[in-house]
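Computed from the coordinates by the stated procedures, all read-outs in this text should not be read as laboratory data. Keep in mind that what you see is a predicted model, and the values were worked out from it rather than measured. Cβ sites come from the backbone with ideal geometry, for glycine too, and all protein chains shown count toward neighbours.
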Amino acid sequence: MKYELVIGLETHVELSTDSKLFCSCGGHSSPKEPNDCVCPACSGMPGMLPVTNKHAIELAVKAGFMLNCKINQYTTFDKKSYYYPDLPCAYQITQWFHPICVDGSVQIGERTIGIKQIHVEEDAGKLVHDEATNTSFVDFNRTSVPLIEIVSRPDFRSSDEVIAYLKKLKSSLQFAGISECEEGAMRCDVNISVRPEGSNELGVRSEIKNMSSLSEIKDAIEFEKVRHVDAIERHTEMLVQETRRWDDVKRRTFPMRNKETAADYRYFPDPNLMPIVIDDEWLAEIKASMPATAEEKSGYYEEMGIAAKEAAVLSSDRKLSDMFDDVVAMGRSPKTVASWILTECMGQMKRLELTSLDIEPAKLARIIELVEDGEITRAAGKKVLSAVFENNVDVDKFCEENNLNAKIDNSFILETVRRVIGENDKAVADYKSGKVKAMQSIFGCIMKELKGNGDPAVIRSLLEKELNA
Amino acid sequence: MIYINEINAAGKIAVDDTILVKDVPATAGSKMLENFKPLFSAEAVERLEKAGYAVAGKTNVGEFGLDLMGETSYFAPETENGSLVGAAASLVASGKVKAALNVDLNGAPRRAAAVSCVDFIKPTYGTVSRYGIIACACSGEQIGVTAKNADDAKEILSVIAGHDSKDGTSLPAEKYEYSTEENVAEMKICIAKELYDAASAEVKAKIDGFAESLKKLGAKVEEVSLGMAEQAKTAWQILMSAETTNNLSRFDGVKYGYRTPEYKNIDELYVKSRSESMGFLAKATIIYGSDVLAKAKYEKCYDKSLRIRRIVCDKAREILADYDAILAPACSQVSYKPYDTADAFEKVYEESLFTAIPSITGMPAMVTKGVQLIADSYKESVLLSIAKSVEV
């Protein structure tokens, strides 16, 4: 019998706000030391009251627009109670009764994935276990950082669809400035079951909690598929509805220890937070502030003359496309800028193992300008770029200090050419005896002496002239 | 710890131990918070200090303010001549402080004012910031003022009331103008029949006497059936207990407060820390509150209580459209003897019949001369003026 997977995702994404959801502590920009970014409110001291971060609400509405949701203009915050040391109030403020966005959808190729709802909630803190002393420490830096949870309908039929959806979600959220989606800032709970192809009934469901790596998500889904099918066909085990976790070392899922089978979170509306009413005017304002989506951007880039494939890469990542937009806005030609970003910048990122493009656009613009104006060679340009990536150097100062100016006067080049010829008797003799290739080694020495400065064509012609004189 | 016996500061303000004053221990009457020192002061305290008043010290309260008037305090239940008294009300009555700030969460400061024969005003919900209260019932608890007379109550209330951006339920007005000079002669006042009937003969006599005084001043006094007193009492009990359960859950022995000396794992740390540090009434309230919030009961209990709250508000507003104020007992008796701890939950529940309507509706209430007056939202001046008119 053939089986199909039925998968639904709950995806938690950190919002790009300057402060936490209910207090003025710094938001997503992660602090370095434990409990650096904590106040009486987000550490659960008595006496503190939550005050909603308006920006978080706006970002959640933007996410709703992006995922074609209906925006609930009357939305509330509710309390979800459970005891855990990383939850300082022993309740999490979330949205249970009136989530901010409902009934959306995302297109993944031919398939439409339904979005059940998006709700805003606060993150919990972190527990750090010290095996040596058998002690646990709590770090509240992450406590109350705003999240949205995007709940999909069980519409996925393969791990590939899941991965495509998550990639698309990530780039769209980055594009709209909703979330930085930094490493680990996007976490998924994967609900998965298996049923005979064509069946309309749902099988027994496993929930794999708290996954953040795409490859692990894919592996976990594939593992679960096999486990479920084996259980159904070969009765290897009795499937039960349960929560599991992925063990990346053992490459398999394990049931999580869960004492309470059905936790009662005792949801009720938070009396400290008045219902939020998003009137038409505010809604229109948020809508107007939506940036272009990745698809829209890619389209613009193609209209600017960028090849479709390149346009797609540029628009796939917010940092790349921001760089492109900024440098083009500084007067550089789109095609040149695209080539510099896709070839040189991405080359540097690969070399330095960087995951995001973070150099200043003005510096890249200046390098391109110098190269286009013939002030420096493209090779020198690459050299400056590399220095910008490594040490964030000042472009003009670096060119000056390293004699990168391509317009150095020919008498200096000629002097160098003559000196190098004088120092390489053997090569010169070889050349004169008909070994034309010997000129290449002399040329190399000259280039080395000139540290890559000077127009290679000019140097080569001067060298030929001198050798044949 | 600075407690009642150490205070002798006429002209200063006493502050209930459920209200935070920076660096001064705030125990809320519980062993759980025996050594808890807050990092900041309540907004109301800040405003008083900014206006030149000094905090005389912290006054004892019943555990988390849940009881009749302080008898469940882990530290020092107050009695005078064998009867229960509220620490703040007793201090104000003796003239040792000018006034006191109290949290009215389930009527304790109103009852305390009634038995000590001082004034207490609970203003409209949202007019005084709740920032800095050791919270229990967020949807109804409110800081109020205990004072010797209406003018003092008005003076202090004027200082502490006004919008505070740190409290999401704070109403927008920056300042409130209160008066004690409204014309009582033109007022119509109704006696709440159900509450009157439920009180003792001595309390009834107080209400009758108060009504006579009002009539002498020219006011009209009539009796009216509220038609929702029992419902308000039960609904408030449900809302209050549920919110209290939730708010007290942060006291888990992990971050601050009492932690049991021995535990094997986190569950034991929770259970033992909480069990060993909380008293009977707090525990009973938590159990009751957890129960009404359970998934299976939510619709029938909490959600229904929210709907009853709306009905009670409508009904009260309807009555207060015809009358300037409702006159009612603040409690069933003129004095209370210490009682068996195991009876605390029922006892407070029974007494809350008299105090629940202002708590659940957020309407202002004032206790003066041992009786309670209730007015529509923002009508504190009506209450203050009536209180002032019968002072002489």
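Viscosity 0.692 mPa s, temperature 37 °C: what is the translational diffusion coefficient of the protein assembly as shown from Stokes-Einstein with a Kirkwood Rh over Cα pairs, rounded to a whole number of µm²/s?
On the way: Rh = 32.0 Å.
Estimated diffusion coefficient is 103 µm²/s.
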Practice problem: Could you check the simple spin-label distance between B:HIS163 and A:TYR84, using points 7 Å along Cα→Cβ, in nm with one decimal? | Solution: 3.8
Self-check item: Charge dipole of the protein assembly as shown about the Cα centre (unit charges at C-beta), most positive-ward option of B:LEU68, B:CYS331, B:ILE374
Solution: B:LEU68
Self-check item: Pairs beyond 23 Å (Cα-Cα), from B:LYS272/B:LYS347; B:LYS206/B:LYS337; A:LYS209/B:LYS297
Solution: B:LYS272/B:LYS347; A:LYS209/B:LYS297
Quiz item: What is the mean number of Cβ atoms from other protein chains located within 10 Å of the Cβ atom of each residue in peptide B:128-140, rounded to a whole number?
Solution: 3
Self-check item: Rel. contact order, % - alpha carbon contacts under 8 angstrom, at least six apart, the stretch A:410-468
Solution: 42
Quiz item: Using the alpha-carbon atoms, what tilt in degrees (0 to 90, nearest 10) does helix A:361-372 show relative to the longest principal axis of chain A?
Solution: 30
Self-check item: Separation between Cα centres of the stretch A:114-132 and the stretch A:139-169, rounded to whole Å
Solution: 12
Practice problem: Would you pull out the residues with amide H under 5 Å of A:SER19's amide H, same chain only if 5 or more places away, H placed 1.01 Å from N? | Solution: A:GLY27
Quiz item: When the chain is fully extended, how far beyond the present Cα-Cα distance does A:LEU283 get from A:GLU222, taking 0.36 nm per residue of separation?
Solution: 17.8 nm
Practice problem: Please give the per residue volume of the convex hull enclosing the alpha carbon atoms of chain A, rounded to a whole number of Å³. | Solution: 238
Self-check item: Amide H partners (placed H, <5 Å) of A:HIS98, local residues excluded
Solution: A:THR76
Self-check item: Nitroxide proxy distance, nm - points 7 Å out along Cα→Cβ at B:GLU174 and A:GLU303
Solution: 4.8
Exercise. About the Cα centre of the stretch A:410-468, how large is the charge dipole given +1 on each Lys and Arg Cβ and -1 on each Asp and Glu Cβ? Please answer in debye to the nearest 20.
Key: 140
Quiz item: When chain B is modelled as a GNM with alpha-carbon springs shorter than 10 Å, which of B:LYS369, B:LYS148, B:LYS283 fluctuates the most?
Solution: B:LYS283
Practice problem: Report the convex hull volume per residue for the stretch A:410-468, counting only C-alpha atoms, in Å³. | Solution: 66
Quiz item: Which of these, B:TYR378, B:TYR176, B:TYR339, has the largest mean-square fluctuation under a Gaussian network model of chain B (Cα springs below 10 Å)?
Solution: B:TYR339
Quiz item: So which of B:LYS31/B:LYS388; A:LYS126/A:LYS350; B:LYS283/B:LYS304; A:LYS350/A:LYS448; A:LYS32/B:LYS255 end up more than 29 Å apart by C-alpha?
Solution: B:LYS31/B:LYS388; A:LYS126/A:LYS350
Quiz prompt | Nearest 10 degrees, 0 to 90: helix A:294-303 Cα axis against chain A principal axis | solution = 30
Quiz item: Given a cut-off of under 8 Å on Cα pairs at least six residues apart, what relative contact order in percent is computed for the stretch A:292-401?
Solution: 20
Exercise. Report ³J(HN,Hα) in whole Hz for each residue of the stretch A:221-228, in order, from the Karplus equation J = 6.51 cos²θ - 1.76 cosθ + 1.60 where θ = phi - 60°; Gly and Pro get x.
Key: 5, 5, 4, 5, 4, 5, 4, 5
Self-check item: Solution diffusion estimate, µm²/s, Stokes-Einstein, chain B, Kirkwood Rh from C-alpha pairs, 25 °C, viscosity 0.890 mPa s
Solution: 118
Quiz item: In whole angstrom, and with the biggest value first, how far do the Cα coordinates of the stretch A:53-111 range along each principal axis?
Solution: 44, 25, 20
Exercise. Give, rounded to the nearest 20 debye, the magnitude of the charge dipole that the stretch B:83-192 has about its Cα centre when Lys and Arg contribute +1 at Cβ and Asp and Glu contribute -1 at Cβ.
Key: 420
Quiz item: Under a point-charge model restricted to the Cβ atoms of Lys and Arg (+1) and Asp and Glu (-1), what is the dipole moment magnitude of the stretch A:3-281 relative to its Cα centre, in debye to the nearest 20?
Solution: 320
Exercise. Please name whichever of A:SER172, A:GLY198, A:SER356 sits farthest to the positive end of the charge dipole of chain A, dipole taken about the Cα centre and charges placed at Cβ: Lys and Arg +1, Asp and Glu -1.
Key: A:GLY198
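With a length cut of 18 Å (Cα positions projected on each helix's long axis) and a Kyte-Doolittle mean of at least 1.0, go through chain B and give me the DSSP H helices that pass.
Taking the DSSP H segments of chain B (at least 18 Å long, mean hydropathy at least 1.0), we get B:280-293.
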Quiz item: What whole number of Å gives the distance from the Cα centroid of the stretch B:200-251 to the Cα centroid of the stretch A:184-207?
Solution: 55
Exercise. Compute the Rg/Rh shape ratio of the stretch A:177-258: radius of gyration over Kirkwood radius, all on alpha-carbon atoms.
Key: 1.03
Self-check item: For the stretch A:45-62 versus the stretch B:66-137, the gap between their alpha-carbon centres in whole angstrom
Solution: 33
Quiz item: For B:TYR336, which sequence-distant residues (separation of 5 or more, or a different chain) have an amide H within less than 5 Å of its own amide H, given hydrogens modelled in the peptide plane?
Solution: B:LEU84
Quiz item: Among the lysines, which have Cα under 21 Å from the Cα of B:LYS166 when same-chain residues fewer than 8 positions away are ignored?
Solution: A:LYS20, A:LYS54, A:LYS79, B:LYS22, B:LYS37, B:LYS50, B:LYS122, B:LYS175
Exercise. Using a 10 angstrom cutoff on alpha carbons, build the Gaussian network for chain B and name the most mobile of B:ALA294, B:ALA153, B:ALA330.
Key: B:ALA294
Self-check item: Stretch gain in nm, segment A:LYS70-A:ALA132, where the contour uses 0.36 nm per residue and the Cα spacing is subtracted
Solution: 17.2 nm
Practice problem: Quick one: go through the stretch A:357-384 and flag any residue whose amide nitrogen is under 19 Å from the point 7 Å out along the Cα-to-Cβ line of A:THR343. | Solution: A:364-384
